[in-house]
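J.: Encoded as structure tokens, here's the structure I'll be asking about.
The values are calculated or read from the model by the stated rules, or taken from the named source; none is laboratory data. Since the model is a prediction, treat every value here as computed from it, not as a measurement. Backbone-built Cβ (ideal geometry, glycine too); neighbour counts: all protein chains shown. Accessible surface is based on the protein model in full, side chains and every heavy atom, while ligands, DNA and RNA are left aside. Shrake-Rupley method; radii C 1.70, N 1.55, O 1.52, S 1.80 Å.
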Amino acid sequence: MKSSELRKLSNEELKEKVIELKKKLFNLRFQNKIGSLAKNSEIKQTKKDIARILTIIRERELTNK
């Protein structure tokens, strides 16, 4: 997911997206432990997406002060 696409979303939509991605990350970690995960790189990419969204949220908080 590109940051330019994420910047178009509202804060509420971004927070919902973070919750969704954290659930996905939990499921990916679970699949990894039981050995049914096809792509290990998907965990890393999901973590990066979460960090990217949280960074955008924090930037908006700082600019609104």
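J.: Looking at the stretch 20-42 only, could you name the residues that are within 15 Å of M1 (Cβ to Cβ) and not charged (D, E, K, R)? It would help to see each step written out before you state the result.
T.: Of all residues in the stretch 20-42, those within 15 Å of M1 (Cβ to Cβ) come to 20-22, 24-25, 41-42.
Across the stretch 20-42, the qualifying residues are L21, L25, S41.
J.: On to the next question. Residues in the stretch 48-62: is at least one hydrophobic (A, V, I, L, M, F, W, C), open to solvent by 90 Å² or more (accessible area, probe 1.4 Å) and assigned to a helix (DSSP H, G or I)?
T.: From the stretch 48-62, those hydrophobic (A, V, I, L, M, F, W, C) are 50-51, 53-54, 56-57, 62; that's our starting set.
Imposing the further condition that a residue be open to solvent by 90 Å² or more (accessible area, probe 1.4 Å) reduces the set to 62.
Narrowing further to those that are assigned to a helix (DSSP H, G or I): 62.
There is at least one residue in the stretch 48-62 that is hydrophobic (A, V, I, L, M, F, W, C), open to solvent by 90 Å² or more (accessible area, probe 1.4 Å) and assigned to a helix (DSSP H, G or I).
J.: Can you pull out every residue in the stretch 38-47 that is open to solvent by 80 Å² or more (accessible area, probe 1.4 Å) and under 12 Å from the mean Cα position of the chain (by Cα)?
T.: K44, Q45, K47
J.: Please go through the stretch 1-37 and pick out each residue that is open to solvent by 100 Å² or more (accessible area, probe 1.4 Å) and part of a loop (DSSP other than H, G, I, E, B).
T.: Selection gives K2, K8.
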